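Here is the structure we will look at, set down as structure tokens.
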Amino acid sequence: MPKVVGLRCRECGAEYELQATHVCEMCFGPLDAVYDKAVLKKIVSRQRIEQGPKSMWRYRDLLADPLAGRRPLLDHRDGPVSHLPCHM
């Protein structure tokens, strides 16, 4: 069952199906995700968020990503990042 059911304009309240867009076609206001609150109550709790990692991934249950929870997490500490000196 999807957690995010659509999009709603923050300015005029126009509603849209879930799609890859960020601005209202009516007033050019920003679009916010509309969550199914019954589904969220079963998944998200203050305790679960507080116990999560100390990164943006503590909020992963709120993400609209359909692959959330089904792939490894990446954050700023992941991966071999080389720091090379810059000579100008």
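What follows draws every value from the coordinates through simple rules; no lab data is involved. As the structure is a computational prediction, the values presented were derived from the model and not from experiment. Because the Cβ atoms are built from the backbone with ideal geometry, glycine has one as well, and the counts that use them run over all protein chains shown.
Which of the residues spanning segment 21-51 are assigned to a loop (DSSP other than H, G, I, E, B) and more than 14 Å from L63 (Cα to Cα)? First the steps, then the outcome.
Quick first cut of segment 21-51, residues assigned to a loop (DSSP other than H, G, I, E, B) only: 21-22, 24-29, 36, 44-45.
Selection gives T21, H22, C24, E25, M26, C27, F28, G29, S45.
For the condition surrounded by 14 or more Cβ atoms within 10 Å (Cβ to Cβ) and over 17 Å from the mean Cα position of the chain (by Cα), what is the one hit in C24, C12?
Details: C12 fails: surrounded by 14 or more Cβ atoms within 10 Å (Cβ to Cβ).
C24 is the lone residue from the list that is surrounded by 14 or more Cβ atoms within 10 Å (Cβ to Cβ) and over 17 Å from the mean Cα position of the chain (by Cα).
Could you list all residues from segment 21-40 that are touching a residue at least 24 places away in the same chain (Cβ under 8 Å) and out of contact with any Leu (no Cβ under 9 Å at 6 or more places or on another chain)?
Going residue by residue through segment 21-40, those that are touching a residue at least 24 places away in the same chain (Cβ under 8 Å) are 31-36, 39-40.
Listed by number, the residues that qualify are D36, V39.
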